[in-house]
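*Asks:* I'd like to ask you about the structure that follows.
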Amino acid sequence: MTGDEKLYEVKVWDRSIRIFHWVNVLCVLALMIIGSAILYADSLGIGGDGKITLKIMHAYVGYVFAFNLIWRLVWGFIGGRFSRWGSVLPFGRGYVGDLKGWFTGLRSDQPPEYRGHNPAARLMLLAFYVLLVGQMCTGLVLAGTDLYFPPFGHEFAEWATGAGEDHSQLIGLVPGSKELLDPEGYAAMRQFREPFIAIHKLIFWFMLAAIILHVAAVVFDEVRHRNGIASAMITGKKILRKPSND
């Protein structure tokens, strides 16, 4: 980019998208930190009560994360043009050709400009949303099996105590306590949760790798092409070398 080249500032990301992005960043960061403390609780010398406290904190942050993500999923159908799934996900007529053209331009250091997400970024976003939704769903199940928290906690509590429809047996049931539990029901419930734990942990590592790749790509694009991609999630505006026709 030459020093005297004319640049064009264009509005892209609406306020709802920008709020979602930063709330999601803070929630994912907090969940990863707390989740790591839970995962390595024994090595950190954290006892049973401390681990329960961490799980409760993890669940509360997880609810904020889940509500924020659900709102984003809805906004993808009712939001502005560049917030809608048709502009975000790597589908639709001509996408494969756009992706090939973008990579061809990248090799010559002149990738095509896009007011919204470029084709490669749309692939990354698909991976991100699959990981986020998967983490939300498995996390809600684990909150129910570990803490008896909503939306599934009541059903898991019935299972673990053998209470059935006799909800009076659930009074006094607290996370970490085994006083009111039915041994067979509790063992079956804990066996049910095992694959959800495995998937939750696996998504954690995939998410960490995706975040590192995402940040590296943003830094590269910002330094190489100076298009204001980083600040765009604050101001909502990108910098283009040519007037946008899309």
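*Asks:* Around ALA37, under 12 Å between beta carbons, what's the net of Lys plus Arg minus Asp minus Glu among the other residues?
*Replies:* Values: positive: LYS51, LYS55; negative: ASP42.
Once positives and negatives cancel, what remains is +1.
*Asks:* Per residue Cα convex hull volume for the range 106-236, in cubic angstrom? Don't skip to the answer; put the middle values down first.
*Replies:* Details: hull volume 18.6 nm³, N = 131.
Measuring per residue, one finds 142 Å³ for the Cα hull of the range 106-236.
*Asks:* Could I ask something else about it? Which residues make up the longest stretch of the chain clear of trypsin sites (Lys or Arg not before Pro) that lie in a DSSP loop with no more than 14 other Cβ atoms within 10 Å, not counting the sites? Walk me through the numbers before you get to the answer.
*Replies:* On the way: sites that count: LYS6, ARG93, LYS178, ARG226.
No qualifying site falls inside 7-92, the longest such stretch.
*Asks:* Taking loop as defined by DSSP and a crowding limit of 15 other beta carbons within 10 Å, which chymotrypsin sites (Phe, Trp or Tyr not before Pro) in the range 1-94 fit?
*Replies:* Passing sites in the range 1-94 are TYR40, PHE91.
*Asks:* Sticking with this one: State the Kirkwood hydrodynamic radius of the range 1-137 in Å, one decimal place, computed from all pairs of distinct Cα atoms.
*Replies:* Numbers: mean 1/r = 0.0563 Å⁻¹.
Final number for the Kirkwood radius of the range 1-137 is 17.8 Å.
*Asks:* At 222 nm, what value in deg cm²/dmol follows for the chain if DSSP H runs of at least 4 each add -39500 (n - 2.57) and the sum is divided by all its residues, to the nearest 500?
*Replies:* Working: 8 runs with 158 residues, N = 246.
It lands at -22000 deg cm²/dmol.
*Asks:* Which residues make up the longest stretch of the chain clear of GluC sites (Glu not before Pro) that lie in a DSSP loop with no more than 15 other Cβ atoms within 10 Å, not counting the sites?
*Replies:* On the way: sites that count: GLU5, GLU165, GLU179.
Counting only loop sites that pass the neighbour cut-off, the longest clear stretch is 6-164.
*Asks:* May I ask for the net charge around VAL141, where only other residues with Cβ less than 13 Å from the Cβ of VAL141 are counted and Lys, Arg are +1 while Asp, Glu are -1?
*Replies:* Values: positive: ARG190, ARG193; negative: ASP146, GLU155, GLU194.
Net charge in that neighbourhood comes out at -1.
*Asks:* For the chain, which semi-axes, largest first and in whole Å, follow from the square roots of 5 times the eigenvalues of its Cα gyration tensor? Numbers along the way, then the final one.
*Replies:* Values: eigenvalues 404, 63, 48 Å².
Sorted largest first and rounded, they come to 45, 18, 15 Å.
*Asks:* With charges only on Cβ, +1 for K and R and -1 for D and E, what is the dipole size of the range 15-227 about its Cα centre, in debye, rounded to 20? Walk me through the numbers before you get to the answer.
*Replies:* Values: 18 positive and 16 negative charges, 284 e Å.
Value, rounded to 20: 1360 debye.
*Asks:* Count the lysine pairs in the range 15-227 whose Cα atoms lie under 20 Å apart, taking only pairs 8 or more positions apart in sequence or on different chains. Could the numbers behind the result be given before it?
*Replies:* Numbers: LYS51/LYS178; LYS51/LYS201; LYS55/LYS178; LYS55/LYS201.
Total qualifying Lys-Lys pairs in the range 15-227 comes to 4.
*Asks:* Would you calculate the separation in nanometres between label points at SER108 and TYR40, each defined as 7 Å from the Cα along the Cα-to-beta-carbon direction?
*Replies:* It is 4.8 nm.
A short reminder: the numbers here are calculations on the coordinates, not readings from a lab. Quick caveat: nothing in here was measured; it's all calculated off a predicted structure. Cβ atoms come from the backbone with ideal geometry, glycine included; neighbour counts cover every protein chain shown.
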